[in-house]
Amino acid sequence: MRSPFFQIIFVLGDDSFPSVSSYARNASIATAPDANVLVTGQRNGSGINVYRYDPDARTLEREWAWEEPPRRRWPF
């Protein structure tokens, strides 16, 4: 039988900080357990962070994060 309680806690980092400051915004976190993927929105932007869980090593690594392109100055 599997425990319904936390078994491990992962630190997601603060470079492209995940949007988890308000857990009422549960739409900013998505999981795909069969694919071992966790996706979060970014707190200070409109991008996402993609993490992959390795069940054998019990590790979570960020695979991809959206980065805002640099602003262009006028004239283009």
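Tabulated data
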quantity: Pairs where the first residue, in region 43-59, is surrounded by 14 or more Cβ atoms within 10 Å (Cβ to Cβ) and the second is modelled with pLDDT of 90 or more and assigned to a loop (DSSP other than H, G, I, E, B), C-beta under 6 Å, 6+ apart; calculated: Arg52/Asn36; Tyr53/Asn36
quantity: Search result, residues across region 29-40 that are touching a Pro at 6+ places or on another chain (Cβ under 7 Å) and either surrounded by 14 or more Cβ atoms within 10 Å (Cβ to Cβ) or touching a residue at least 24 places away in the same chain (Cβ under 8 Å) (or both); calculated: Thr40
quantity: Region 28-69, subset basic (Lys, Arg) and part of a strand (DSSP E or B), residue farthest from the chain's Cα centre (by Cα); calculated: Arg52
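The values are calculated or read from the model by the stated rules, or taken from the named source; none is laboratory data. All values derive from a computational prediction rather than experimental measurement. We place every Cβ from the backbone using ideal geometry, glycine too, and count neighbours over all the protein chains shown.
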